[in-house]
Every structure is written in C-alpha cells, then in structure tokens.
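Following: one structure in structure tokens, then a few remarks.
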Amino acid sequence: MLFRSLLRHLLALLLTALLGGLLGATLVRFAPGFGVDERELDTRLRDDSVQALRQSRENEHNLLKFYAGYLAGVAHGKLGVSHSFSRPVSELFAERLPVTLRTVALGLAVGWLFGFLLALPAAAVRWRGCDLIASASSGAFLCLPAAVVAILFLYLGAPVALAVAVVVFPRVFRYARNLFVRTYALPHIVTARAKGLTGTRILLRHVFPVAAPQILALAGVSVSMALGAAIPIEVICDSPGIGQLAWQAALGRDLPLLVNMTLFVTLVTLGANSVSDLTSKAFARRAA
C-alpha cells in the first residue's frame, strides 16, 4: 500500500514537473521582448557578430523543439548554457543553491521555533490575554508582504534568513494555534487534565500524537512558503542565491536558465508536499 502511494506520488511529481517546465518555457517564449539581446545595441559590434548573437537563440523560437532538446540534455546530465552569464546552468546552480538552501533552512527553523513558542501557550494556557497578544503580533507580521519585509531587513542590516523566518512564523503560528486549541479540547485530553497529569506529559503523550499528521502536512507547505519568500528577499537584500539568479534571468529573458528555475521550484515544492503527505499517512496508520 505504501509502495503504491509512493509510486503514485513519484509519477505525479514527474508529470507535474514536465508540464511546469513546458508552461514556464511558453510564458518566457511569448513574453514581450523575447529574442532581443541588449548586446546587439553595442555599436562596436560588426554585422557578423550581431548575426551570431541572433543565431545563438535561433533554436529557442521553436518551443517544442527547444524543450525536447532540453529534456534530452537533462537525460545526459546537461542543463544547458545561460545566455545572461555565458556559463553552464549547472555551474550557476552549484554556486547559488547552497546559499538559498542555507537561508531557507535557517528561516524555517527560526520561524517554526517562534511559531510553536507562541502557539503552545496560546492553546494550553487558559488566559485570554496570552492568546490575544500572540494573535495580534502574528497578525501584524502576516500583513507584511515578503518584499516589504526584505526592505525593512535591508534597512536594518539584519540577516536574510531572519527575514524568511518573519514570513514563515505567522503562518505556522496561525495553523498550529488552531490545531492545538482543537486538540486540547478533545475529551480524553480534558480527562487527562482533570486527573492532574502534568502539562508536559499531556503534550508529549496525548497532544502531539494526535496533531502530528497535520503538523507534518504544515511542514511540507512551509517549505514552499519559505522558498517563495526567499526569492524576492534575496533579490532586494542582494543575497547571491537562487532568487537573485531568477531575477537576473527574467530581466535577460534567459530561457535555459528560467526553465531550470521553474523545474527546481516545482520539484522542491512537490517533493516537500509528497514527503510530508507520505510521512503523515504512515504516522497516522501507526497511531491507529
């Protein structure tokens, strides 16, 4: 049963990634200004040099032919060459990806830490003021777009990962707080409280086992949230990661690089959601 579910997720992941890459290439191909190279405006270039620049992108005008050639290259471990940087895309990813992964990982860790530190007391402590303060503080951060958060952190000179945490934290808090409130209201947990069990024992033996599948599902969603927030934050804060690379590729209508960016974001998002879904199902099956 688990193997069949895993196979279904892998197949959906593959098909969605292939379709996402094709749609991303289509948007870039038919976007205004596609095929225009700023280097052609250099008056020092001769006519043959300008023609060489135009011919270098000739194969990209036929979208299906380009995508088929791209997939054939991926099968051989080649991701193509970036027009904007005149370098293999694999080298660019090798340089930029560790920066983004570190930023997203630290942002998720700090965001989840603060989300749980506020969600648990708000749900467990029967004091309305605590819940009101926590909800108001998370709501204030929730109203701020990632770009605005990035501008504030750029002005303050704060770490980029902390800006990602500020975007993730209120969403984690809202979901976790509502989940814990419902869980603490379950009859067997109310009974455990009435018997005088300690808060730590109730949390570890009764609350977490019930809430674990939903928490794991939230973990998968939060990965895509953090990655989506990291892209504009890295651009505004001038962090040399995948987000800055995507922005520069968009400015240059760099089709090979943008297709790889689309596939990367799609694979990370679907992969995180699939892992959390499979893990939560396995946990729920074991608990049952």
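The values are calculated or read from the model by the stated rules, or taken from the named source; none is laboratory data. What you see is a predicted model; the values in this text were computed from it and never measured. Cβ coordinates were reconstructed from backbone atoms using ideal geometry, including for glycine residues, and neighbour counts include every protein chain displayed.
So the values come out like this:
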| quantity | calculated |
| --- | --- |
| Residue list for region 5-25, restricted to those being in contact with a helix residue (DSSP H, G or I) (Cβ under 7 Å, 6 or more places away or on another chain) and over 23 Å from ASN62 (Cα atoms) | SER5, LEU6, HIS9, LEU13 |
| Helices (runs of 4 or more DSSP H) contained entirely in region 88-189, each with at least 3 residues that are over 21 Å from LEU216 (Cα atoms) and not aliphatic (A, V, I, L, M) | 89-124, 128-142 |
| Verdict on ARG193 being assigned to a loop (DSSP other than H, G, I, E, B) and at pLDDT below 85 | no |
| Test for THR262: is it in contact with a helix residue (DSSP H, G or I) (Cβ under 9 Å, 6 or more places away or on another chain), hydroxyl-bearing (Ser, Thr, Tyr) and closer than 23 Å to ARG174 by Cα | no |
| Unique residue being among the charged types (D, E, K, R) and surrounded by 19 or more Cβ atoms within 10 Å (Cβ to Cβ) when the list is ARG102, ARG87, ARG96 | ARG96 |
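Residue-by-condition table, conditions (1) polar (S, T, N, Q); (2) out of contact with any helix residue (DSSP H, G or I) (no Cβ under 7 Å at 6 or more places or on another chain); (3) free of Cβ contacts under 8 Å to residues at least 24 places away in the same chain:
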position: ASN178; (1), (2), (3): yes, yes, yes
position: LEU197; (1), (2), (3): no, yes, yes
position: ILE202; (1), (2), (3): no, no, yes
position: ARG205; (1), (2), (3): no, yes, yes
position: ALA230; (1), (2), (3): no, no, no
position: LEU267; (1), (2), (3): no, no, no
